[in-house]
Amino acid sequence: MKRVIIIVISVIVLGIIILRLVGNREKVNANKNVSTDLSYVSVDVSPVKRMSLSESLQLVGYLEAYSEINIAAETQGKIISMNAEPGQVKVKGEAIATVDNKLKQLAVQTANVSVSKLKKDLERYENLYKGGTVTEQQLNDVQNSYDNAEIQLEQAQKQLADATIKSPINGIITKKITEKGDYINTGNPIATIIDVTRLKVKLKVSETNVYLLKTGDKAIITTDVYQGVTFEGKISFISPKGDETHNYPVEIEIVNNTKHPLKSGTFVNVTINLPSNTEALYIPRESLQGSINDAKVYVAQDGKAVFRDIVAGSGNNKYIRVISGLKNGEKVITTGQVNLSDGKAIKIINNN
């Protein structure tokens, strides 16, 4: 009997849940089915204007260290000391690691002894030659031996110096590749160091815009990391070759800020102000539908919204240049586009 009662109660509860779900669904569908098929749409419009405007390019790029170097060994052997940890600041010429150099030290000592001996021999033979005791050939032989000994000493000193691996630049260690006790060969990397006192902003600029730029142009850089802080840079490189999508690599050099330090890999916003051009047609940026490369606008015409393809160019944060597709004085719709379709009736509220 208890089992039957439990089953009955469960069925009743399940039925109540189902009824509530159905009721909620009907409410949601009712909200969705509110008709938006109004006889007209209220819009704001703005005329196409002919004017001269200082344009700017708004681009997005990322920061990269001005110099990033894999510090490599210049000799082979066992590492007997290692002085490179990620985050350490190094100055140019500072020792990073030392390779076992005992034999190289002995080679330098041997070469020094040989040079000292041959130097005395050369001085003695020069005196003997002046006295006519030895021939010119004998003097030349001793001179050659002395010169070769000096070359051997220089080579031994170079090999000894190569055993101490030094930082090639001022920078920060970002990666430690080897450890004390490892055996390395010539050319093996032992650590990575970057110089972030200067940074490069790397950009991809379209074919249309890249011809507006030149090296030395100033750029304003901002980042979401430091709200309200601006950094100034200048274009240091414009690639003479674009990629398959007709975008061209461009680099902007920027001096890092000690108060607001930037890191390699950070995304940044770049604004490049262009010189004032001759008069052209412009429309408000908010009237643009789609992208610059596939620009469309709604035009207010005879009480209707006419969807029109246009060819757009660069501009600034407020206006976009019209290359073709619109005439001076025509009115483009700036608000209400979400409810518009081609040929939809409109009512103009504001005519800016």
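FYI, it's all coordinate maths here, none of it is from the lab. Everything numeric here is computed off the predicted structure, so don't read it as measured data. Backbone-built Cβ (ideal geometry, glycine too); neighbour counts: all protein chains shown.
Of the listed peptides 72-81, 194-203, 180-189, what is their order by residue-averaged count of other C-beta atoms within 10 Å, with the highest listed first? Provide the component values of the computation, followed by the final result.
On the way: 72-81: 16.7, 194-203: 20.2, 180-189: 12.9.
Peptide ranking by packing, descending: 194-203, 72-81, 180-189.
Residue farthest toward the positive end of the dipole of the chain, with Cβ of Lys/Arg at +1 and Asp/Glu at -1: which of GLY187, ILE172, LEU57?
Ranked along the dipole, the leading option is LEU57.
Holding the Cα-Cα limit at 30 Å, pick out from LYS241/LYS331; LYS120/LYS158; LYS92/LYS241; LYS204/LYS296; LYS175/LYS241 the pairs that are longer than that.
On the way: LYS241/LYS331 40 Å; LYS120/LYS158 24 Å; LYS92/LYS241 34 Å; LYS204/LYS296 24 Å; LYS175/LYS241 33 Å.
Pairs exceeding the cut-off: LYS241/LYS331; LYS92/LYS241; LYS175/LYS241.
Taking every pair of distinct Cα atoms and averaging 1/r, then inverting, what Kirkwood hydrodynamic radius in Å comes out for segment 209-292? The partial results should precede the final answer.
Numbers: mean 1/r = 0.0651 Å⁻¹.
Kirkwood radius, segment 209-292: 15.4 Å.
Given Cβ point charges of +1 (Lys, Arg) and -1 (Asp, Glu) and nothing else, what value in debye, to the nearest 20, does the dipole of segment 101-162 about its Cα centre take?
Numbers: 8 positive and 9 negative charges, 65 e Å.
So the dipole magnitude of segment 101-162 works out to roughly 320 debye.
So what are the radius of gyration and Dmax for the Cα set of the chain, in Å?
Values for the chain (Cα only, Rg and Dmax): 38.3, 139 Å.
If you average over every viewing direction, what projected area does the convex hull of the Cα atoms of segment 101-162 give, in nm²?
Mean projected area of the Cα convex hull: 3.8 nm².
Which log10 I(q)/I(0) values, to two decimals, does segment 225-352 give at q = 0.14, 0.17, 0.19 Å⁻¹ under the Debye formula with one point per Cα?
Each listed q corresponds, in turn, to -0.82, -0.99, -1.09.
Could you pull the Cα extents of segment 56-130 along its three principal axes, largest to smallest, in whole Å?
For segment 56-130, the Cα spread along each principal axis is 82, 38, 19 Å.
At a threshold of 8 angstrom on Cα-Cα distance, excluding pairs fewer than six apart, so keeping six or more, what relative contact order does the chain reach in percent?
The value is 28 percent.
How much FRET efficiency would the formula 1/(1 + (r/R0)^6) give for LYS241 and GLN105, where r is the Cβ-Cβ distance and R0 is 51 Å, rounded to 0.05? Before the final figure, lay out each step's value.
Numbers: r = 51 Å, r/R0 = 1.00.
Calculated value: 0.50.
Over every pair of different alpha-carbon atoms in segment 312-352, take the mean of 1/r and invert it; report that Kirkwood radius in Å. Mind dumping the intermediate values first?
Values: mean 1/r = 0.0803 Å⁻¹.
Kirkwood hydrodynamic radius for segment 312-352: 12.5 Å.
Once you wrap a convex hull around the alpha carbon atoms of segment 164-266, what is its projected area averaged over all directions, in nm²? Please report the intermediate quantities before stating the final value.
Values: hull surface 39.8 nm².
With the hull built on Cα positions only, its mean projection is 10.0 nm².
Please list 3J(HN,Hα) in residue order for segment 127-135, calculated via the Karplus relation 6.51 cos²θ - 1.76 cosθ + 1.60 where θ = phi - 60°; whole Hz, with x for glycine and proline.
My calculation for segment 127-135 gives 5, 5, 5, 4, x, x, 7, 10, 7 Hz in order.
Using only the Cα atoms of segment 277-352, what semi-axes does the equivalent ellipsoid have when each is the square root of 5 times a gyration tensor eigenvalue? Give whole Å, largest first. Each step should come with its number before you reach the end.
On the way: eigenvalues 85, 32, 26 Å².
For segment 277-352, the semi-axes come out at 21, 13, 11 Å.
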